[in-house]
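> One structure is given below, represented as structure tokens, and several questions about it will come after.
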Amino acid sequence: MTCPADLLDLDDQLSDAELRVRDEVRGLVDQLRPSIPEWYEKAYFPTEIIPELARLGLLGMVYDGYGCPGRSAVEYGLAAVELEAGDSGLRTFVSVQGSLAMSAIHTHGSEEQKRQYLPGMAAGTIIGCFGLTEPNAGSDPAGMTTFARRDGDDWVINGAKRWIGLASIAHLAIIWAQTEDGVRGFIVPTDAPGFTATPITPKLSLRASIQCDLELADVRVPAAARLPGAAGLRGPFACLNDARYGIAWGVLGAARDSYLSALRYSRERLQFGRPIASFQLTQEKLARMAIGLTQGQLLALRLGRLKEAGRLEPQQISLGKLANTRTAIEIAREARTVLGGNGVAAEHSPLRHANNLESVRTYEGTDEIHTLVLGRHLTGIAAFR
Ligand code: TGC
Ligand code: FAD
């Protein structure tokens with residue numbers, strides 16, 4: 001019998017190296033799985049696993065040189081699936097550290113900045129965060145008011161950021177700010193005077209993960225802290241592409257774990273003297289979940305192969321992030337119904353995944369923003385403003 005989570009034998013499309021990465025990360029997440037409900041309940045992000053994530057080459061996974069692992073786009077996608085099959089918080093850590101903070105330095109940094117920060121970030125000894133969103137500028141980062149002004153050879157930054165992942169445990173923050181010449185990016189040490197990160201608590205989603213409010217009050221950094229390759233909003237948006245790509249894969253892990261939980265439970269749970277899996281309505285739910293998961297896997301794999309060929313376009317990433325996140329949240333919610341009342345107990349994962357996916361559908365561009373990115377691509381008319 002084919003694996004219920006791989007009905008089209010997509011493993012057949014993966015190389016030995018890709019399968020090896022997938023299996024290694026799956027093995028790690030299997031070890032972590034028993035602890036995850038407690039981390040979620042206690043709103044605890046397990047920093048103690050960072051060295052193991054680094055050892056498996058999951059930090060800055062697709063970047064080359066400077067101590068980075070240099071793995072392929074599909075390998076990164078498969079790792080994201082396995083991490084998110086545990087909890088979206090695990091995949092979010094890897095996304096923020098690798099696809100956002102390291103991506104900003106790898107893509108826009110000077111040679112000196114790359115040498116100074118990337119090896120430690122790949123090793124997990126330097127943690128980074130990425131500050132784009134502000135209290136009054138979320139979907140529309142062009143509305144940011146954080147401002148960096150020149151003062152002799154230094155820059156002095158003032159403003160506020162909101163929802164910034166990892167900031168309270170980070171050593172450096174990539175801060176995007178307006179300047180007299182437009183938006184620019186800065187590497188800001190989090191122990192700089194005037195820099196404050198305050199975790200946002202309590203949260204009802206992504207509980208085993210850290211997001212913060214940032215305050216920047218006259219934070220002074222040298223000229224060498226500016227990312228020389230970033231000019232305008234293209235700078236941060238280029239980083240979002242890699243993170244959104246990872247999400248298009250990762251959410252399938254949450255979907256798969258939810259679907260397999262429901263499938264398992266439906267075979268074991270008896271009502272009216274029969275396994276609930278024997279009822280046509282339950283089978284219809286399971287079939288719908290299997291179809292959604294399979295379509296999502298095909299979509300992610302195609303995005304991965306396009307990325308490896310250097311042909312992946314932003315609107316294709318929007319399509320993948322939007323479609324797969326939407327599918328995953330539907331699967332997680334449907335899976336919860338199969339578990340009945342037990343589905344709201346913390347020992348079962350689907351409701352936790354569904355709650356996490358509320359964050360995932362919102363960050364890195366909401367459903368609505370990715371719909372409008374696609375709409376703009378289809379019509380040539382931007383409907384944002
Ligand atoms: P727009 O006029 O479209 O573009 C401004 C400049 O940026 C360029 N550009 C891109 N470049 C590379 N990749 C992309 N995907 C790009 N999208 C746009 C564009 O070519 C232009 O360049 P230039 O040189 O001509 O100036 O900008 P807009 O202001 O109209 O914005 C459009 C819109 C709505 C799509 C954009 O604002 C948007 O994407 N909003 C969503 C914001 C968002 O996603 N924020 C994410 C914050 S980080 C986060 O959530 C981390 S979550 C943790 C985790 O990942 O796990
Ligand atoms: P708003 O932009 O105020 O949107 C509110 C609603 O209005 C949404 O439904 C939106 O789709 C809709 N809307 C807005 N504009 C339009 C339009 N033109 N047409 C139709 N509908 C529209 N940011 C970072 O910079 N770094 C991080 O590490 C980070 N991590 C995050 C982690 C979590 C758990 C969360 C929840 C957020 C994180 N974010 C981060 C912020 C995230 O990117 C923003 O929340 C997201 O971009 C949406 O912005 P907003 O919350 O201000 O919502």
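The values are calculated or read from the model by the stated rules, or taken from the named source; none is laboratory data. Only a predicted model underlies this, so the values are computations on that prediction, with no experimental measurement involved. We place every Cβ from the backbone using ideal geometry, glycine too, and count neighbours over all the protein chains shown.
> Within segment 161-174, identify whether any single residue is over 24 Å from Asp242 (Cα atoms), at pLDDT 95 or above and touching a strand residue (DSSP E or B) at 6+ places or on another chain (Cβ under 6 Å), and answer yes or no.
So in segment 161-174, the residues over 24 Å from Asp242 (Cα atoms) come out as none.
No, that holds for no residue.
> Could you check segment 215-241 and list, in sequence order, the residues that are more than 14 Å from ligand 2 (Cβ to nearest atom), assigned to a strand (DSSP E or B) and either within 20 Å of Ala137 (Cα to Cα) or among the polar types (S, T, N, Q) (or both)?
Listed by number, the residues that qualify are Glu215, Ala217.
> Out of the residues in segment 92-126 that are within 16 Å of ligand 1 (Cβ to nearest atom) and among the β-branched types (Val, Ile, Thr), state the one that is surrounded by the most Cβ atoms within 10 Å (Cβ to Cβ). So that I can check it myself, show each step before the final result.
Residues of segment 92-126 within 16 Å of ligand 1 (Cβ to nearest atom): 92-108, 121.
With the extra rule that they be among the β-branched types (Val, Ile, Thr), the set shrinks to 92, 94, 96, 105, 107.
Working: Thr92: 30, Val94: 23, Val96: 26, Ile105: 26, Thr107: 18.
The residue in question is Thr92.
> What about Arg288, is it in contact with a helix residue (DSSP H, G or I) (Cβ under 8 Å, 6 or more places away or on another chain), within 16 Å of ligand 2 (Cβ to nearest atom) and either more than 30 Å from Ala137 (Cβ to Cβ) or not assigned by TED's automatic domain parsing to the domain that holds Leu78 (or both)? Talk me through it step by step, then tell me what you get.
On the way: in contact with a helix residue (DSSP H, G or I) (Cβ under 8 Å, 6 or more places away or on another chain): yes; within 16 Å of ligand 2 (Cβ to nearest atom): no; either more than 30 Å from Ala137 (Cβ to Cβ) or not assigned by TED's automatic domain parsing to the domain that holds Leu78 (or both): yes.
Here the answer is no, as Arg288 does not meet what is asked.
> For segment 327-360: of the residues being within 16 Å of ligand 1 (Cβ to nearest atom) and surrounded by fewer than 22 Cβ atoms within 10 Å (Cβ to Cβ), which is nearest to Leu132 (Cα to Cα)? Can you show your working first?
Narrowing segment 327-360 to residues within 16 Å of ligand 1 (Cβ to nearest atom): 328-329, 353, 355-360.
Going one step further and asking which of them are surrounded by fewer than 22 Cβ atoms within 10 Å (Cβ to Cβ), we end up with 355, 358-359.
Details: Asn355: 23, Glu358: 20, Ser359: 16 Å.
The residue in question is Ser359.
> Count, please, the residues in segment 105-137 that happen to be more than 15 Å from the chain's Cα centre (by Cα), of a type in the set (Gly, Ala, Ser) and either away from ligand 2 (no atom under 12 Å from the Cβ) or within 17 Å of Ala238 (Cβ to Cβ) (or both).
Within segment 105-137, residues that are more than 15 Å from the chain's Cα centre (by Cα), of a type in the set (Gly, Ala, Ser) and either away from ligand 2 (no atom under 12 Å from the Cβ) or within 17 Å of Ala238 (Cβ to Cβ) (or both) number 6.
> Go through segment 153-182 and give me each residue that's out of contact with any Phe, Trp or Tyr (no Cβ under 8 Å at 6 or more places or on another chain), more than 16 Å from ligand 1 (Cβ to nearest atom) and either assigned by TED's automatic domain parsing to the domain that holds Gly365 or part of a strand (DSSP E or B) (or both).
Asp154, Val156
> Looking at segment 138-152, can you tell me whether even one residue there is farther than 15 Å from Ile175 by Cα and either touching a Phe, Trp or Tyr at 6+ places or on another chain (Cβ under 7 Å) or within 15 Å of ligand 1 (Cβ to nearest atom) (or both)? Give the steps one after another, and end with the answer.
Start the filter on segment 138-152 by keeping residues that are farther than 15 Å from Ile175 by Cα, which leaves 139-140, 150-152.
Of the ones still in play, those that are also either touching a Phe, Trp or Tyr at 6+ places or on another chain (Cβ under 7 Å) or within 15 Å of ligand 1 (Cβ to nearest atom) (or both) are 139-140.
Checking segment 138-152: at least one residue is farther than 15 Å from Ile175 by Cα and either touching a Phe, Trp or Tyr at 6+ places or on another chain (Cβ under 7 Å) or within 15 Å of ligand 1 (Cβ to nearest atom) (or both).
> While we're on this one: Looking at (1) within 30 Å of Arg26 (Cα to Cα); (2) within 11 Å of ligand 1 (Cβ to nearest atom), which is the one condition that is false for Ala231?
That leaves (1) as the condition not met.
> Still on this model: Of all residues in segment 373-385, which are surrounded by fewer than 18 Cβ atoms within 10 Å (Cβ to Cβ) and near ligand 1 (Cβ under 9 Å from one of its atoms)?
Filtering segment 373-385 for residues surrounded by fewer than 18 Cβ atoms within 10 Å (Cβ to Cβ) gives 374-385.
Listed by number, the residues that qualify are Arg376, Ala382, Phe384, Arg385.
> Residues of segment 285-322 being without any contact (Cβ under 8 Å) to a residue 12 or more places away in the chain and out of contact with any His (no Cβ under 9 Å at 6 or more places or on another chain), which ones? Can you show your working first?
Applying the first criterion (without any contact (Cβ under 8 Å) to a residue 12 or more places away in the chain) to segment 285-322 yields 287, 291, 302, 306, 309-311, 313.
Correct list: Ala287, Ile291, Arg302, Leu306, Ala309, Gly310, Arg311.
> Continuing with the same structure: Considering only residues that are buried (at least 17 other Cβ atoms within 10 Å of the Cβ) and at positive phi, look in segment 146-172 and name the one that is farthest from ligand 2 (Cβ to nearest atom).
Across segment 146-172, the extreme among qualifying residues is Gly159.
> Just to be sure, is Ala332 touching a residue at least 24 places away in the same chain (Cβ under 8 Å), within 20 Å of the chain's Cα centre (by Cα) and closer than 25 Å to Leu286 by Cα? Break it down stepwise before answering.
Values: touching a residue at least 24 places away in the same chain (Cβ under 8 Å): yes; within 20 Å of the chain's Cα centre (by Cα): yes; closer than 25 Å to Leu286 by Cα: yes.
So Ala332 fits the description; yes.
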